[in-house]
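Report on the following structure.
The values are calculated or read from the model by the stated rules, or taken from the named source; none is laboratory data. From a predicted model like this one, the values you see are computed outputs, not experimental measurements. Because the Cβ atoms are built from the backbone with ideal geometry, glycine has one as well, and the counts that use them run over all protein chains shown. For accessibility, only protein heavy atoms count, side chains too; no ligands or nucleic acids. Shrake-Rupley method; radii C 1.70, N 1.55, O 1.52, S 1.80 Å.
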Amino acid sequence: MVNVSNVISSFKDNPGYVAMRGLARFPIVRNFVTSARGALNYRAYQEFLKDCEKRMDRSFFKGVDRHAFVKELDRKGLAFGLMLPEETIKEIRNYADKTPVYADRKPNMGFIYDQREAAEAKIGKPILVAQYFNARQDCGAIAKLVNDPFLEWVAAMYLGSVPTFVGSNLWWTSPVQASDEDKDKHAHFYHRDVDDFRFFKYFFYVTDVKEGEGAHICVLGSITNPPVIKKGDKWNIRRYTDAEINGYYPAGEILQITGPAGTGFAEDTLCIHKGSTPKTEPRLLLQIQYALFDYGTMNDDQNPGVLALID
């Protein structure tokens, strides 16, 4: 059930984002806004593509067929084939190992990740998710990825206009016995995102991810086939149980995405997806997101002055 007071408060804080969330669940609205923005900045869009192509030899992914990649993303909502260089993985891991990370994405709950158990003892609960703040500004490898010409070219082609970088996020998911409340808070139940009228994300595993060890799970093709289980589900945005999704889609369409450190893929998370809790090994994941518009809600930007370690 919708909490009216929360909706009113959110609208006051960020009216554009709340209005978009209400409208963008309708395909006809998403298509209209996407087409209109593409038409309005068509010339800038063509120049942007040309600039990406001029820089393509500097991409980490110049060996990937970018035309096939964006075609797969457009058709299935998911595209594979990216792999980070070993030195990039090492640079991100070095940053993560020495930089405070923040439990439950709260800026006053910082700790060094290899001291997680001590941090859990202090706050009195397991830490399912811990995120870094200002990672793009503080980690050169992440900044380079955000400006990679392959990633930007695919973003432009998929969005149909000059892409807007809306944020990067780097976080650990830990092998803990998390509460249902924390699993819901950190998107470990099936759901769809409505982050803009058109948007998508790149995901990169910075640690090895085996089956059952924190794999991202996605339902292939669900971007055009959302589950209709209850009345209103065609337009509603809610959490779904495993039983609902397993009963609605063929098993072969539910993908548990695994791979060694460096594995990358693109996904329009309007499709059905969820995070999963590792059984024994923590997972470190980097997300980079592009959209038509920036509502200021998807980044990890935080005033350093408010960041604090757990007492």
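Build a GNM of the chain with springs between Cα atoms under 10 Å apart, and of 294, 184, 114 the one that fluctuates most is 114. The residues of the chain present an accessible area of 48 Å² per residue when probed at 1.4 Å with all protein chains retained. Expressed in Å, the radius of gyration and Dmax of the Cα atoms of the range 157-244 are 15.3, 43. All Cα-Cα separations within the range 201-242 were binned at 10 Å from zero, giving a P(r) of 19, 42, 27, 11, 0, each value a whole percent of the pairs. Percent of Cα pairs in the range 94-206 per distance bin of 10 Å, from zero to the largest separation: 12, 37, 33, 16, 3. Sorted largest first, the spans of the alpha carbon positions of the range 128-169 along the three principal axes are 35, 23, 13 Å. Could you look at the range 215-259 and say what percent of its accessible area is carbon and sulfur, using a 1.4 Å probe and all protein chains? That share works out to 55 percent. Set against the labelled values [x] 41.5, 148; [y] 19.2, 56; [z] 20.1, 65, Rg and Dmax of the Cα atoms in Å computed from this structure falls on [y].
Solvent-accessible area assigned to carbon and sulfur over the range 132-208 amounts to 43 percent, based on a 1.4 Å probe. Ranking 101, 26, 130 by Cα position along the charge dipole of the chain, where only Lys, Arg, Asp and Glu carry charges on their C-beta atoms, puts 26 farthest toward the positive end. Toward the positive end of the charge dipole of the range 79-152, with +1 on the Cβ of Lys and Arg and -1 on the Cβ of Asp and Glu, the farthest Cα among 113, 89, 141 is that of 113. Relative contact order for the chain: 28 percent, from Cα pairs under 8 Å spaced at least 6 residues apart, divided by residue count. Between the listed residues 69, 232, 284, the Cα displaced farthest toward the positive end of the dipole of the chain, a dipole computed from Cβ unit charges relative to the Cα centre, is found at 232.
Charges were assigned to the Cβ only: +1 to each Lys and Arg, -1 to each Asp and Glu. The resulting dipole of the chain about its Cα centre is roughly 840 debye.
With the Cα gyration tensor of the range 256-308 in hand, give its eigenvalues times 5 under a square root as the equivalent ellipsoid semi-axes, listed largest first in whole angstrom.
On the way: eigenvalues 120, 74, 24 Å².
After diagonalising the Cα gyration tensor, the semi-axes are 24, 19, 11 Å.
For Cα pairs less than 8 Å apart in space and 6+ apart in sequence, what is the mean separation divided by the residue count of the range 107-205, i.e. the relative contact order in percent? That works out to 33 percent.
Under a Gaussian network description of the chain, with springs only between Cα atoms under 10 Å, the residue in 254, 272, 142 that fluctuates furthest is 254. For the residues 226, 15, 126, a GNM of the chain with alpha-carbon springs under 10 Å puts the largest fluctuation on 15.
How far is the Cα center of the range 184-208 from the Cα center of the range 33-83, in Å? Answer, in whole Å: 20. In terms of its alpha-carbon gyration tensor, the range 64-124 comes out prolate; a/c meets the 1.5 threshold, and the first ratio a/b outweighs b/c.
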